[in-house]
Amino acid sequence: MKMNCCSEKPVIGLPSGEKLCKSHFTDYFENKVFKTIRQFDLIGREENLGVALSGGKDSLTVLHILNHLSKQNPKIRINAIAIDEGIAGYRDKTLAKAIDFCTKNNIELHIFSYKEEFGLPLDEMLKILDVKPCTICGIFRRYLLNKKSRELKLTKLATGHNLDDECQSIIMNQLKNNIEASARLGPKVGIIQNDKFVQRIKPLYLCMEKEVTAYAFINGLLDDFTECPNVVHSFRAQVRDILNDMEQKFPGTKYSTVNSFLQILPLLKQKFKGGMIKVCLKCNEASANDVCNACVYLERLKKSIVKVE
Amino acid sequence: MSKISIHVFIDRQNKNTNIELYKNSTVADLLKKLDINPVTVIVSRNNELILEEEKLGNNDGIKILSVISGG
Ligand code: SF4
Ligand SMILES: [Zn+2]
Ligand SMILES: [Zn+2]
């Protein structure tokens, strides 16, 4: 049965067949985010929360909603952290959007760049190292976000990951036989008692990318489309396309994938509970091995630069 | 059957184009003609989101906005 929420013109249809107007969709979306926060215990009574802000629609949506929450609860403080990887023609645009949003909403924004922190922007690193862009980009981003969150004394770091992102990660890890990486997925990452590691939370965990975009559009958070020039190389993009084809043919595919994953996640966490409890011998940050991935790649960068010179 | 003409902007391709459709065609028909999966976009007319079953009119200006995260 197809139902309309009220007499207002519907703007979006849900996989269930229900059709919602602008204001009922906004309520539906925000309620879903708050429900996710409660269900997975993402935010406590008192927090100094960070929001990892890329300037894209997902992270802006998280910041927009958590900023409202913070206004209602003075014990929940909000800061934004942005990473400037150094991707010409892409990150400069999304960062401008991030700066603009934080200025208008009076949110403290901390920006850290690969160039300042590691000596080179990503674009330059990729000329030197023969690696997949997203591999080192991700390793360095997670490294910086964790380190800076700790230095800023943040209690948790919220990210813009949505249902589609999670679904893609689950399938990618399956296809690559990398199930240990799946143990580090879920709405709340890093439960391990480790003072080197700042917990990451995903308030958009149960929101489909299409819903996030519609919410961002309705609330004026959607900017002109920009895409990282490196994204075409990614395995993720191919998995994403397959999942979207499946979702079109069988609505609810993404929910089902993530929901069934949630049921096995406790078992995965149990099986791999040893991960990330070491401390990197070089930089003293949390690591799964004696030397962390960031230091491994930084070392390779240094060696290649010496060779070139 | 008579035809209508739609002005379409596709943000992911940064492309403006005119598409001819049969009268009474819907957003879903437009997406099908453009070979775009409806799961991957939202569609707006006059800055308002519209549903896939919405009928299109002659000379409508339609924006097709990608929901895909840019990285
Ligand atoms: S698409 Fe890859 S290279 Fe581009 S920002 Fe994302 S992780 Fe980095
Ligand atoms: Zn309504
Ligand atoms: Zn290290």
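The values are calculated or read from the model by the stated rules, or taken from the named source; none is laboratory data. Note that this is a predicted model, so its numbers are computed, not measured. No Cβ is skipped: glycine too gets one built from the backbone with ideal geometry, and neighbour counts run over all protein chains shown. Please note that ligands, DNA and RNA were not included when accessible areas were found on the heavy atoms of the full protein model with its side chains. Shrake-Rupley method; radii C 1.70, N 1.55, O 1.52, S 1.80 Å.
Only bridges whose two residues both fall in the protein assembly as shown count here: according to DSSP, what percent of them are antiparallel, nearest 5? Can you show the working numbers first?
Numbers: 23 of 46 bridges.
Antiparallel: roughly 50 percent of the beta bridges in the protein assembly as shown.
What are the equivalent ellipsoid semi-axes of the protein assembly as shown, built from the alpha-carbon gyration tensor (square roots of five times its eigenvalues), in whole angstrom, biggest first? It would help to have the intermediate numbers written out before the result.
Values: eigenvalues 274, 116, 85 Å².
Ellipsoid semi-axes (Å, largest first): 37, 24, 21.
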Expected sort for A:240-251, A:174-185 on mean C-beta neighbours within 10 Å, highest first, is A:240-251, A:174-185
Largest fluctuation, B:Asp11, B:Asp60, B:Asp35 only, Gaussian network model of chain B with Cα springs under 10 angstrom, belongs to B:Asp35
B:Ala28 and B:Met1 label points (each 7 Å along its Cα→Cβ direction) are spaced in nm at 1.4 nm
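Output the pairs from A:Lys35/A:Lys147; A:Lys22/B:Lys3; A:Lys35/A:Lys269; A:Lys202/A:Lys278; A:Lys19/A:Lys254 with a Cα-Cα distance over 27 Å in this structure; if there are none, say none.
Values: A:Lys35/A:Lys147 29 Å; A:Lys22/B:Lys3 31 Å; A:Lys35/A:Lys269 23 Å; A:Lys202/A:Lys278 25 Å; A:Lys19/A:Lys254 19 Å.
From A:Lys35/A:Lys147; A:Lys22/B:Lys3; A:Lys35/A:Lys269; A:Lys202/A:Lys278; A:Lys19/A:Lys254, over 27 Å: A:Lys35/A:Lys147; A:Lys22/B:Lys3.
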Computed for the protein assembly as shown: size of charge dipole around the Cα centre, +1 on C-beta of each Lys and Arg, -1 on C-beta of each Asp and Glu, debye to nearest 20, value 880 debye
Ranking A:Gly252, A:Val11, A:Leu95 by how far each Cα lies towards the positive end of the charge dipole of the protein assembly as shown (+1 on Lys and Arg Cβ, -1 on Asp and Glu Cβ), the top one is A:Gly252
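Order the peptides A:142-152, B:17-27 from the highest to the lowest mean number of other Cβ atoms within 10 Å of their residues. Provide the component values of the computation, followed by the final result.
Numbers: A:142-152: 18.9, B:17-27: 14.1.
Descending packing order for the listed peptides: A:142-152, B:17-27.
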Judged on accessible area alone, 1.4 Å probe, highest first, A:Thr155, A:Thr257 line up as A:Thr155, A:Thr257
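Determine the total buried accessible area between chain A and chain B, counting protein heavy atoms only with a 1.4 Å probe; round to the nearest 100 Å². Walk me through the numbers before you get to the answer.
Values: alone 16640 and 4870 Å², together 19290 Å².
Roughly 2200 Å² of accessible surface disappears when A and B pair.
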Cross-link reach from A:Lys271 to aspartates and glutamates, straight Cα distance under 12 Å and at least 8 residues apart if same chain, gives A:Glu180
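Under the definition of partner shielding as Cβ atoms of other protein chains within 10 Å of a residue Cβ, what is the mean value for peptide B:61-68?
Details: counts 0, 0, 1, 0, 8, 4, 15, 11.
Partner Cβ neighbours, averaged per residue: 5.
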In debye to the nearest 20, the charge dipole size for chain B, taken about the Cα centre with +1 at each Lys and Arg Cβ and -1 at each Asp and Glu Cβ, equals 180 debye
In order over segment B:42-48: 3J(HN,Hα) from phi, Karplus 6.51/-1.76/1.60, θ = phi - 60°, whole Hz, x for each Gly or Pro, gives 10, 10, 10, 9, 6, 6, 10
Per DSSP, the loop-located trypsin sites (Lys or Arg not before Pro) within segment A:56-114 having at most 13 other beta carbons within 10 Å are A:Lys75
Any DSSP H helix in chain A with Cα axial reach of 20 Å or more and mean Kyte-Doolittle score of at least -0.5? Listed by number, the hits are A:57-72, A:133-151, A:253-271, A:293-308
Residues whose modelled amide H sits under 5 Å from the amide H of A:Ala158, counting only those 5 or more places away in sequence or on another chain, are A:Gly50, A:Val51, A:Ala52, A:Ile201
Given backbone amide H placed at 1.01 Å from N, residues whose amide H is under 5 Å from that of A:Gly55, ignoring those fewer than 5 places away on the same chain, are A:Leu60
Excluding ligands, DNA and RNA, the carbon-plus-sulfur percentage of the accessible area of segment A:142-228 with a 1.4 Å probe reads 46 percent
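Give the carbon-plus-sulfur fraction of the accessible surface of segment B:3-66 in %, rounded to a whole number; probe 1.4 Å, heavy atoms of protein chains only. Walk me through the numbers before you get to the answer.
Working: 1360 of 3360 Å².
Carbon and sulfur: 41 percent of the exposed surface of segment B:3-66.
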Rounded to the nearest 10 Å², the 1.4 Å probe accessible area of A:His110 is 40 Å²
Amide H proximity to A:Ile111 below 5 Å, modelled H, separation 5+ or other chain, gives A:Ala82
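How well do other chains shield peptide A:4-16, expressed as the mean number of their Cβ atoms within 10 Å of each residue Cβ?
On the way: counts 0, 0, 0, 0, 0, 5, 5, 7, 5, 4, 0, 1, 0.
Average per residue, whole number: 2.
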On each of the three principal axes the extent of the alpha-carbon atoms of chain B, given in whole Å and largest first, is 44, 23, 22
Counting only protein heavy atoms and rolling a 1.4 Å probe, one gets per residue an accessible area for segment A:158-288 in Å² of 48 Å²
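Work out the mean other chain Cβ neighbour count within 10 Å for the residues of B:39-45 and drop it here as an integer.
Neighbouring Cβ atoms belonging to other protein chains average 6 per residue here.
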